[in-house]
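Data block below; observations after.
Nothing in this text is a laboratory measurement; each read-out follows from the coordinates by a stated rule. As the structure is a prediction and not an experimental result, all values here were calculated from the model. Please note: Cβ atoms are built from the backbone with ideal geometry, for glycine as well, and neighbour counts cover all protein chains shown.
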Amino acid sequence: MTYELFCIAPDCEEESAPQPAQEAAQDWALRHTGLNPGHDLFRRVFTDHARVSRVE
């Protein structure tokens, strides 16, 4: 599972990059908001992966 946050403030293109833990993405958002007042809304993306095998 990976977690990503994207700042959706106008003219901001900052993103957390894929993180292996939700807390790491959240920490990034907290730092970003602290450095950029008004950047307080983020799009969250959760990605999981499925491994499949073909039965022969």
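Which value, in debye to the nearest 20, gives the size of the charge dipole of the chain about its Cα centre, when Lys and Arg are +1 and Asp and Glu are -1 at the Cβ? Intermediate results must be reported in sequence, preceding the final value.
Numbers: 5 positive and 10 negative charges, 44 e Å.
My answer is approximately 220 debye.
Set Lys and Arg Cβ to +1 and Asp and Glu Cβ to -1, take the dipole of the chain about its Cα centre, and tell me which of H39, Q26, C12 lies farthest positive.
Final value for the positive-end residue is Q26.
Rg/Rh for the chain to two decimals, with Rh computed the Kirkwood way over all alpha-carbon pairs. Don't skip to the end; give the middle numbers.
Working: Rg = 14.9 Å, Rh = 12.4 Å.
For the chain, the value is 1.20.
Taking the 0 to 90 degree range and rounding to the nearest ten, how far is the long axis of helix 22-35 tilted relative to the main principal axis of the chain, both from C-alpha atoms?
20 degrees
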